[in-house]
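Colleague: Handing you a structure now.
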Amino acid sequence: MSVVVDAHQHFWDPADADYPWMTDEVAPIRRPYMPWDLRPLLAEAGVDYTVVVQARSDLEETRELLRLAAGTDFVAGVVGWVDLTRPDLGDVLAELKQGEGGDKLVGVRHQVHDEPDERWLVRDDVLRGLRSVRDAGLAYDLLVRARELPAALAAARAVDDLRLVIDHLAKPPIRSGESTEWADRLAPFADLGHVSCKISGMVTEADWRAWRPEQLAPYVERAWEWFGDRRCLFGSDWPVCLLAASYQEVIGACQSALGEISDPARARVFGANAVEFYRLGVS
């Protein structure tokens, strides 16, 4: 059996820190979620390892996640947050890598879709930060919607030796079904071999209370067309996904949306691609 990796999940405790995105709309998940909550779900689903991803723009959260990862055998990697605009970012990343759990730091992410400036990713100071991420041997997660995709494309072309992954298929408009802009702006990434895509976060882009697996298939099919079996990664987006579905249901929905692909291709999506992309030290 191939190694199975959930390439996108979170831990948090709203009692200890502020998460601005945790509005009343997401009240059901406004509670602590920790490794001991996820462990039995992984065992039930046959998932071997995970990549935990930042959920707030705070360097202290990155340190906390690295400390958690150091004591959690199933966490193979951490995608943390750092201020990309800091002139001393290289020093910050070096300090993180040398600290507790630093060997599990595999990437960086920022909530780009919350920035007022849709061209934020191509600011000179941000591009300098992306090059620092590259120089540190790390990957970068692109958290964007259709609005930010043109800037993301320009940034990807400007730093073409940085491993990039688009989170949640760039959050397609599943509820409205008006996908032309999303598709037109995501399709050009197909030509960029250093850019991958996470099949994740889709159940909460649909109608949380009435979504159906078949609603997701057209978007996954397009991602498959653009990125193929070598550049698609599965992620649960747990515990955000719990707004709409259980952990097992999310895995099942992804399996269903992928359709009749080969067993080797499925193994890559559900593990091998994440191991290669994030350079996880697992086998």
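The values are calculated or read from the model by the stated rules, or taken from the named source; none is laboratory data. What you are looking at is a predicted structure, and each value in this text was computed from that prediction instead of being measured. For neighbour counting, all protein chains shown are included, and Cβ atoms are generated from backbone atoms with ideal geometry for every residue, glycine included. Each accessible area value is taken on the protein alone, full model and side chains, heavy atoms only, with ligands, DNA and RNA left out. Shrake-Rupley method; radii C 1.70, N 1.55, O 1.52, S 1.80 Å.
Colleague: Can you tell me which residue in region 240-253 is modelled with the lowest pLDDT, limited to those that are in contact with a Leu (Cβ under 8 Å, 6 or more places away or on another chain) and buried (at least 20 other Cβ atoms within 10 Å of the Cβ)?
Modeller: Per the criteria, the residue is Ala253.
Colleague: Now, a different point. Among the residues of region 255-283, write down those that are open to solvent by 10 Å² or more (accessible area, probe 1.4 Å) and within 30 Å of Pro28 (Cβ to Cβ).
Modeller: Result: Gln255, Ser256, Leu258, Phe270.
Colleague: Could you list, in sequence order, the residues of region 107-123 that are open to solvent by 10 Å² or more (accessible area, probe 1.4 Å) and in a strand (DSSP E or B)?
Modeller: Within region 107-123, Arg109, His110 meet the criteria.
Colleague: Mind checking which residues of region 1-28 are within 29 Å of Phe277 (Cα to Cα) and among the aliphatic types (A, V, I, L, M)?
Modeller: Scanning region 1-28 gives Met1, Val3, Val4, Val5, Ala7.
Colleague: Okay, next question. Let me confirm something: among Asp160, Asp125, which residue is more than 26 Å from Val51 (Cα to Cα) and more than 18 Å from the chain's Cα centre (by Cα)?
Modeller: The unique qualifying residue is Asp125.
Colleague: Name the residues in region 28-49 that are part of a helix (DSSP H, G or I), among the small types (Gly, Ala, Ser) and either surrounded by fewer than 13 Cβ atoms within 10 Å (Cβ to Cβ) or free of Cβ contacts under 8 Å to residues at least 40 places away in the same chain (or both), would you?
Modeller: Within region 28-49, just Ala43 meets the criteria.
Colleague: Restricted to region 178-229, and to residues that are of a type in the set (Val, Ile, Thr) and farther than 19 Å from Leu162 by Cα, which residue is surrounded by the fewest Cβ atoms within 10 Å (Cβ to Cβ)?
Modeller: Thr180
Colleague: Quick check on region 154-177. Is at least one of its residues buried (at least 22 other Cβ atoms within 10 Å of the Cβ), at pLDDT 95 or above, among the charged types (D, E, K, R) and in a strand (DSSP E or B)?
Modeller: Checked against the condition, which is being buried (at least 22 other Cβ atoms within 10 Å of the Cβ), at pLDDT 95 or above, among the charged types (D, E, K, R) and in a strand (DSSP E or B), region 154-177 yields no hits at all.
Colleague: Would you mind finding the one in Ala210, Ala206 that is modelled with pLDDT under 95 and either more than 20 Å from Leu258 (Cα to Cα) or β-branched (Val, Ile, Thr) (or both)?
Modeller: Numbers: Ala206 fails: either more than 20 Å from Leu258 (Cα to Cα) or β-branched (Val, Ile, Thr) (or both).
Every option except Ala210 fails the conditions.
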